[in-house]
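Here the structure comes first, spelled out in structure tokens, and everything after it is commentary.
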Amino acid sequence: MQVHLISYTQNPRKVIYSAARQCYSRFSAYRIYSEKKKISSVKLKDFLRHLIRRGHLSPFEHVSFTFALEGISRVCTHQLVRHRIASYSQQSQRYVSMDDFEFVIPPTIAKNKRAKKIYLETVDNIRNAHEELKSILKDSPGLDREKVNQDLRFILPQGSQTKIVVTMNTRELLHFFSERLCLRAQWEIRSVASRMFSACRKVLPEVFSQAGAKCKVLKFCPEDKKNCPLYPKKAKS
Ligand SMILES: Cc1cc2nc3c(=O)[nH]c(=O)nc-3n(C[C@H](O)[C@H](O)[C@H](O)COP(=O)(O)OP(=O)(O)OC[C@H]3O[C@@H](n4cnc5c(N)ncnc54)[C@H](O)[C@@H]3O)c2cc1C
């Protein structure tokens, strides 16, 4: 799997700062953003931490991060795109030939010799059926390459690899990490979230070091998972 941070909002701290300060100022965000007098980086970072602690999160929506993800399965992207406050562009299985589709092998299957054999044989069977169906359909009247591909993809496995670009704002990323870094989240999307989290932390450590799985944020586990070692359940009142 590859997770690349390809872009993020310029001057992210100053953008958040100006938007937040404007809420309590008679001056515009533009004027605050353009002030010649520099605010010290320590003050700026403290200000951002303070906003998060107070839950004043709308200013964080003005800073976005764009990631290019590849080598992940459609199982994973199906979970990813459930996060609605984001933008996505995914490689098409209609315009891009899937003749040599690559696929993800879940670790539990990869390390079990018998299971892996069955898994690989199944993928081979799908590949053969894909090829055979293609050769049957390709000469059908009225069916061009795209029309054939759009129907052939019905038999591709959910484990097929895909590529997707995702843009999320900082507030949504905080939410996404709280859900998908939780040990209850499925391993592949947790791994994607963990890599995205590391990249975001490098850009805005004062913001993202306070983030993480929901238990880290809440200091207790709200999930019904009895054997998670990280945080205790909240005592029932
Ligand atoms: C461990 C785990 C297991 C899951 N299992 C399943 C499953 O079995 N079946 C299944 O269908 N899904 C499942 N999901 C997906 C889950 O239900 C959510 O769809 C997904 O996590 C997206 O998050 P979200 O809805 O909080 O918010 P996002 O879409 O990321 O939006 C962020 C926040 O914005 C607000 N928001 C966004 N859109 C609306 C809206 N239309 N109305 C009101 N508020 C809104 C909400 O406060 C939301 O929390 C699972 C998720 C996890 C983490």
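Annotations for the structure displayed:
- Overall shape of the stretch 153-230 was characterised from the C-alpha gyration tensor. The equivalent ellipsoid obtained from it has semi-axes of 25, 19, 9 Å, in decreasing order.
- Shape descriptor for the stretch 105-155: Rg over Rh equals 1.20 (Cα atoms; Rh from the Kirkwood inverse mean 1/r).
- Each of Y88, M1, C76 was placed along the dipole of the stretch 1-92 (beta-carbon charges, centred on the mean Cα), and the one lying farthest toward the positive end is Y88.
- Sorted ascending by nearby beta carbons within 10 Å, beginning with the fewest, I32, I72, I16 become I32, I72, I16.
- Dipole of the stretch 105-155 computed with +1 at Lys/Arg Cβ and -1 at Asp/Glu Cβ about the Cα centre; of I126, I155, I105, farthest Cα towards the positive end is I105.
- On a per residue basis, the convex hull of the C-alpha atoms belonging to the stretch 1-61 measures out at 117 Å³.
- Cα Rg, Dmax (largest Cα-Cα span) when computed across the stretch 98-237, Å: 21.3, 70
- Cα-centre dipole for the stretch 18-129 with unit charges at Cβ (Lys and Arg positive, Asp and Glu negative), debye to 20: 900
- Net charge, K147 excluded, C-beta distance under 11 Å - Lys, Arg +1, Asp, Glu -1: 0
- Charging the Cβ of each Asp and Glu at -1 and of each Lys and Arg at +1, and nothing else, the dipole of the chain about its Cα centre rounds to 1880 debye.
- Computed over the chain, the ratio Rg/Rh where both radii use C-alpha atoms and Rh is Kirkwood: 1.09
No value in this document is a laboratory result; all are computed from the given coordinates. No experiment lies behind these values; they were computed from the predicted model shown. No Cβ is skipped: glycine too gets one built from the backbone with ideal geometry, and neighbour counts run over all protein chains shown.
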